[in-house]
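The values are calculated or read from the model by the stated rules, or taken from the named source; none is laboratory data. Quick caveat: nothing in here was measured; it's all calculated off a predicted structure. Using ideal geometry, Cβ is built from the backbone for each residue, glycine included, and neighbour counts are taken over all protein chains shown. Surface accessibility is based on the protein's heavy atoms, side chains included, excluding ligands, DNA and RNA. Shrake-Rupley method; radii C 1.70, N 1.55, O 1.52, S 1.80 Å.
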Amino acid sequence: MDPIILVLILVSAIIGGILASLGVHLLPVGGAPAAMATATGVATGCVMLMTGSAVTGLFTASAVASFWEFEHANIALVALSGGVGAMLMIGWTMLIANLLYVFGAGIVPVSGRVAVDPITKESQTEYKTPRTDGHGMPNVSYISGMIGGFVGGFGGALIYVTLENFAHFSPATAGIVAIGIFIANAILAAYNIGGTIEGFHDPKFKERIAVGLFAAFVVSLLCGILVVVAVEIFPSLGLGGAL
Amino acid sequence: MGEEEKAEEKPEEKEKFTLHFPNENNLAIIAVIAGVIVSILPVLPAFVKGIGAILVILWGADSVRKTARYGLGTGVPSIGVLAMGYGIVGGVTGIVIGSVPALGGGGIVEPGVLVGVAAVGVVGYISGILANNEKFIGMKIPGLERGMAELGMAGALAVIIESSMIAGTWNAAVVIPEIIENGLIALIFILAAFGMLQPYNSCLGADERRGRTLLVSVEIGGLNCIILGVLASLIQGMAQGVPLIALGAITWVLFYSAYVRACLNEAHSVVGTGLIKTMR
């Protein structure tokens, strides 16, 4: 296959993987403490949140990609639609979680890591229950989570659409390979966060993001090389059709 | 009421259900040998491949136990899903490389598929270094590098073996339309991931014992074989599918009852809620 296309596939796998990692770092992840409303974030792990939203993103992306039947799909549009799908999913998750926290547990969404919401400038500290680490999704975490969902979904859909367009993978193969690369990156990012994070205003974010993105770069490079090898070899089998 | 009496009459000696699993290194060697033989000889009948799949999943579960014991921060399932994420990438690459005729694709012995398995092992090792080294993520888990390499390889072997159990071969010409295009690969993904992550996830705690945890893995391997057997009998015919279902059913019944017996024996006391009839 044309070397430019192989490089393009490799680059898109790397960019997609790095965006996936960045997306995970931006989500408000509460983990087990959030299940008792004693930490800010959604009450589940990074992997569940990111995989849930990215798979939704892949669904919307593949639905949009199916409009181009006989020509190359528009990469920007498909990747953007993946981002929007993931954003919707994470947005609904955070909204419903907030409803449960506010009307079910009777607490105010409040950040535990900053005294003043950096976006709305609302004061946080006096609303925080003593000895907890915040509750629910305050405005800044919500916005950070939406950005995270968008970035992650965009990355996943970018891997998908490049594999489908240029490597001529079938939609199913492109989807499952994109999920494979995505999950490996999302989990390494989750290990980097080590449990809980509130969003981009969390001090942990600045501290750890560089390492997380570097790890994502290396892992996506290696996974991308494996995929490129498969793409390069497949046409030589003479099977016809798409991988 | 009855609880105290039962707790008192407990000190009868506990016979532990002892199925002597080989130690971690030997189990890895046995599983690799079985997995390699089964994956390079796709002509073997499906139930022999089923034994290979059970052993590979057992190896993955042992690796999960080994690494997740120190606390990952994000829950045990994450590392099992990571194994299958790598497994999908490595498995698909291995399937394509193995189908090249120059590497024995289409012959009786098809060793090319192992390239994908080895490559994903390297990827796993490097990601283990990234995760463990203090300069990078710094998780400080002893043996995480080896654990991640083993998990990647176990995941790739599981994808390859389970695909060939359903389709009869893992040749790209067959697997791509029969397994990947119709989405069965997602089923393989979650079945094998459950075999690896569920045992330690459900058994972890202060009194966790390796022999007991691994019984769950073999049991889930049996369940895998039953489900894959149903698919194999739809795709390849009854002659392949029925022995696989029988193998799965026997394994499941044996190991599930062994696990329940082990739990009842090793528990301090077992009291019924009255909702379900207790076993003793």
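For the condition under 22 Å from the mean Cα position of the chain (by Cα) and at the interface with chain A (Cβ under 9 Å from one of its Cβ atoms), what is the one hit in B:Gly128, B:Gly87?
Only one candidate qualifies: B:Gly87.
I need a count of the residues in region A:27-41 that are open to solvent by 10 Å² or more (accessible area, probe 1.4 Å) and either in contact (Cβ under 8 Å) with a residue 24 or more places away in the chain or among the β-branched types (Val, Ile, Thr) (or both).
Matching residues across region A:27-41 total 4.
I need the full set of residues from region A:219-234 which are open to solvent by 30 Å² or more (accessible area, probe 1.4 Å) and among the aliphatic types (A, V, I, L, M), in order please.
Initial filter on region A:219-234 (open to solvent by 30 Å² or more (accessible area, probe 1.4 Å)): A:221-222, A:225, A:229, A:232-233.
A:Leu221, A:Leu222, A:Ile225, A:Val229, A:Ile233 - these are the residues of region A:219-234 that are open to solvent by 30 Å² or more (accessible area, probe 1.4 Å) and among the aliphatic types (A, V, I, L, M).
So which residues in region A:97-108 are of a type outside the set (Phe, Trp, Tyr), within 19 Å of A:Leu49 (Cβ to Cβ) and open to solvent by less than 40 Å² (accessible area, probe 1.4 Å)?
In the first step, residues of region A:97-108 are kept if they are of a type outside the set (Phe, Trp, Tyr); the result is A:97-100, A:102, A:104-108.
Subset that is within 19 Å of A:Leu49 (Cβ to Cβ): A:97-100.
Hits for region A:97-108 are A:Ala97, A:Asn98.
Quick one: is A:Thr173 hydroxyl-bearing (Ser, Thr, Tyr), in contact (Cβ under 8 Å) with a residue 24 or more places away in the chain and more than 25 Å from B:Glu145 (Cα to Cα)?
yes
Tally the residues that are open to solvent by 10 Å² or more (accessible area, probe 1.4 Å), modelled with pLDDT of 85 or more and within 8 Å of chain A (Cβ to nearest Cβ), restricting the search to region B:67-84.
Within region B:67-84, residues that are open to solvent by 10 Å² or more (accessible area, probe 1.4 Å), modelled with pLDDT of 85 or more and within 8 Å of chain A (Cβ to nearest Cβ) number 2.
Restricting attention to region A:198-234, report how many residues are within 19 Å of A:Gly155 (Cα to Cα), β-branched (Val, Ile, Thr) and at the interface with chain B (Cβ under 9 Å from one of its Cβ atoms).
Here the count works out to 5.
Which of the residues belonging to region A:19-74 are within 19 Å of B:Ala186 (Cβ to Cβ) and either over 15 Å from the mean Cα position of the chain (by Cα) or among the β-branched types (Val, Ile, Thr) (or both)?
Across region A:19-74, the qualifying residues are A:Val47, A:Thr51, A:Val55, A:Thr56, A:Thr60, A:Ser62, A:Ala63, A:Ala65, A:Ser66.
Of (1) in contact with a strand residue (DSSP E or B) (Cβ under 9 Å, 6 or more places away or on another chain); (2) under 26 Å from A:Ser123 (Cα atoms), A:Met146 satisfies all except one. Which?
Tallying (1) in contact with a strand residue (DSSP E or B) (Cβ under 9 Å, 6 or more places away or on another chain); (2) under 26 Å from A:Ser123 (Cα atoms), A:Met146 fails exactly one: (1).
Is it the case that region A:154-164 has a residue that's in contact with a Lys or Arg (Cβ under 9 Å, 6 or more places away or on another chain) and more than 7 Å from chain B (Cβ to nearest Cβ)? Even if it seems obvious, please write down each step before you answer.
Taking region A:154-164 as the starting set, the residues that turn out to be in contact with a Lys or Arg (Cβ under 9 Å, 6 or more places away or on another chain) are none.
Scanning region A:154-164, I find no residue that is in contact with a Lys or Arg (Cβ under 9 Å, 6 or more places away or on another chain) and more than 7 Å from chain B (Cβ to nearest Cβ), so the answer is no.
Those residues that are more than 16 Å from A:Cys223 (Cα to Cα) and open to solvent by less than 10 Å² (accessible area, probe 1.4 Å), I need them from region B:100-130; list them, please.
B:Glu110, B:Gly112, B:Val113
On the basis of being open to solvent by 30 Å² or more (accessible area, probe 1.4 Å) and either small (Gly, Ala, Ser) or at positive phi (or both), does B:Ala249 make the cut?
It is true that B:Ala249 is open to solvent by 30 Å² or more (accessible area, probe 1.4 Å) and either small (Gly, Ala, Ser) or at positive phi (or both).
Given B:Ile160, B:Ile97, which one is touching a Gly at 6+ places or on another chain (Cβ under 9 Å), open to solvent by 10 Å² or more (accessible area, probe 1.4 Å) and within 18 Å of B:Ile179 (Cα to Cα)?
B:Ile97
Is it the case that A:Ile107 is more than 30 Å from A:Ala13 (Cα to Cα), part of a loop (DSSP other than H, G, I, E, B) and touching a strand residue (DSSP E or B) at 6+ places or on another chain (Cβ under 7 Å)?
Considered against the rule, which asks whether it is more than 30 Å from A:Ala13 (Cα to Cα), part of a loop (DSSP other than H, G, I, E, B) and touching a strand residue (DSSP E or B) at 6+ places or on another chain (Cβ under 7 Å), A:Ile107 comes out as yes.
Out of A:Gly195, A:Gly180, which single residue is at the interface with chain B (Cβ under 8 Å from one of its Cβ atoms), assigned to a loop (DSSP other than H, G, I, E, B), open to solvent by less than 20 Å² (accessible area, probe 1.4 Å) and touching a Gly at 6+ places or on another chain (Cβ under 7 Å)?
That would be A:Gly195, the only listed residue that is at the interface with chain B (Cβ under 8 Å from one of its Cβ atoms), assigned to a loop (DSSP other than H, G, I, E, B), open to solvent by less than 20 Å² (accessible area, probe 1.4 Å) and touching a Gly at 6+ places or on another chain (Cβ under 7 Å).
What number of residues within region A:143-171 satisfy the criterion of being within 16 Å of A:Leu58 (Cβ to Cβ), of a type in the set (Val, Ile, Thr) and surrounded by fewer than 24 Cβ atoms within 10 Å (Cβ to Cβ)?
1
Among B:Ser233, B:Ser217, which is under 19 Å from B:Ile51 (Cα atoms), away from chain A (no Cβ under 14 Å), surrounded by 22 or more Cβ atoms within 10 Å (Cβ to Cβ) and among the polar types (S, T, N, Q)?
B:Ser217
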